[in-house]
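Chemist: Pasting in a structure now, in C-alpha cells, and then I'll have a few things to ask.
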C-alpha cells in the first residue's frame, strides 16, 4: 500500500538534500507547533525511567531529544536512512546523548522483542508500504511495548478545507523555494499529505498489524495527528 509516488531512493535523496534547513522549515510550516506535538507524543508513552526506545526515521532528532529530556536515563537509538539528516542532528547541542544508526523502517536491523517503545515522526507517509513498516515495529517491540507516531493528515471536508489546501499547495512550496536548496521537496511533501491516510484509516491499519489500545489525537485543525498503540502482553 503506497503512501506516495516517490521511490525509497528518491525520498532518501530528497531528505538528504533538505537536511540543513529541515528544522527551520518544520517550524515555519507548523507555526512552531511541531515541538509541542512531539512533547505530547512522548508523554503518551508513559515509559519507565530506564526504557529502551527507538526513534525510527529520526531525522535531525527532535523526538529523540524530547525523550532524552523527559527520560534522562532511557537508552535511545535514533535511526534513519537519510544520513545527512542524522549528521545535522549529531551536531545539535545534545547530539552526543543519543546513539545514531543508519536503518530503513521497512527492514529494521533489530532483533525481535527489543524495544520498550518505538516512535516516529513523518515516517509512514513516506514509506512504500505502510503495513510492512507497522509489522516491523510490532516485531521489534517487547510484549506490552508502545508505539507512537506523528504525521500529517489530509484536510477534512469542512469550511476550513480550502484554506488548508491553499497552505499545502501554495504557501509551503513557496517557503521551500525561498529557504531550501530543493524546492521540489516542498511540493512533494504537501502532495504526500493529500494522498495519505485519514486518522481513522491509520487506526484500522494499526489494529490489523496487531496493536491494541489504539488511539489518536488531532492537532492544527485536524491536519496533524499523533497515533499510539500497544503490543499485547
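The values are calculated or read from the model by the stated rules, or taken from the named source; none is laboratory data. Just so it is clear, the model here is predicted, and its values are computed rather than measured. Note that we place each Cβ from the backbone using ideal geometry, even for glycine, and neighbour counts take in every protein chain shown.
Chemist: Please work out which residue is farthest from residue 7 (Cα to Cα), limiting yourself to region 192-213 and to residues that are in contact (Cβ under 8 Å) with a residue 60 or more places away in the chain and within 17 Å of the chain's Cα centre (by Cα).
Modeler: To start, the set of residues in region 192-213 that are in contact (Cβ under 8 Å) with a residue 60 or more places away in the chain comprises 192-193, 195-197, 202, 205-206, 208-211.
Adding the requirement that they be within 17 Å of the chain's Cα centre (by Cα) leaves 192-193, 195-197, 202, 205-206.
Values: 192: 12, 193: 16, 195: 15, 196: 15, 197: 18, 202: 21, 205: 21, 206: 23 Å.
Once the filter is applied, the top-ranked residue is 206.
Chemist: Here's a follow-up. So residue 163 passes all but one of these: (1) part of a helix (DSSP H, G or I); (2) free of Cβ contacts under 8 Å to residues at least 40 places away in the same chain; (3) touching a helix residue (DSSP H, G or I) at 6+ places or on another chain (Cβ under 9 Å). Which condition number does it fail?
Modeler: If we test residue 163 against (1) part of a helix (DSSP H, G or I); (2) free of Cβ contacts under 8 Å to residues at least 40 places away in the same chain; (3) touching a helix residue (DSSP H, G or I) at 6+ places or on another chain (Cβ under 9 Å), just (3) comes out false.
Chemist: Could you please find all residues in region 45-76 being under 13 Å from the mean Cα position of the chain (by Cα) and part of a strand (DSSP E or B)? Spell out the reasoning first.
Modeler: Filtering region 45-76 down to residues under 13 Å from the mean Cα position of the chain (by Cα) leaves 54-64.
Within region 45-76, 54, 55, 56 qualify.
Results for (1) modelled with pLDDT of 95 or more; (2) in contact with a strand residue (DSSP E or B) (Cβ under 8 Å, 6 or more places away or on another chain); (3) under 29 Å from residue 159 (Cα atoms), shown as yes or no for each residue.
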| site | (1), (2), (3) |
| --- | --- |
| 191 | no, no, yes |
| 207 | yes, yes, no |
| 210 | yes, no, no |
| 220 | no, no, yes |
| 233 | no, yes, no |
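Chemist: I've got another one for you. How many residues does region 77-105 hold that are in contact with a helix residue (DSSP H, G or I) (Cβ under 8 Å, 6 or more places away or on another chain), crowded, with 23+ Cβ neighbours inside 10 Å and part of a strand (DSSP E or B)?
Modeler: Total meeting the criteria: 2.
Chemist: Residues of region 24-35 being in a helix (DSSP H, G or I), surrounded by fewer than 18 Cβ atoms within 10 Å (Cβ to Cβ) and touching a residue at least 12 places away in the same chain (Cβ under 8 Å), which ones?
Modeler: Going through region 24-35, the residues in a helix (DSSP H, G or I) turn out to be 24-29, 34-35.
Applying the additional criterion that residues be surrounded by fewer than 18 Cβ atoms within 10 Å (Cβ to Cβ) yields 24, 27-28, 35.
Result: 24, 28, 35.
Chemist: Residues 139, 233, 125: which one is within 28 Å of residue 51 (Cβ to Cβ) and in a loop (DSSP other than H, G, I, E, B)?
Modeler: Numbers: 139 fails: in a loop (DSSP other than H, G, I, E, B); 125 fails: in a loop (DSSP other than H, G, I, E, B).
None of the other options fit; the residue is 233.
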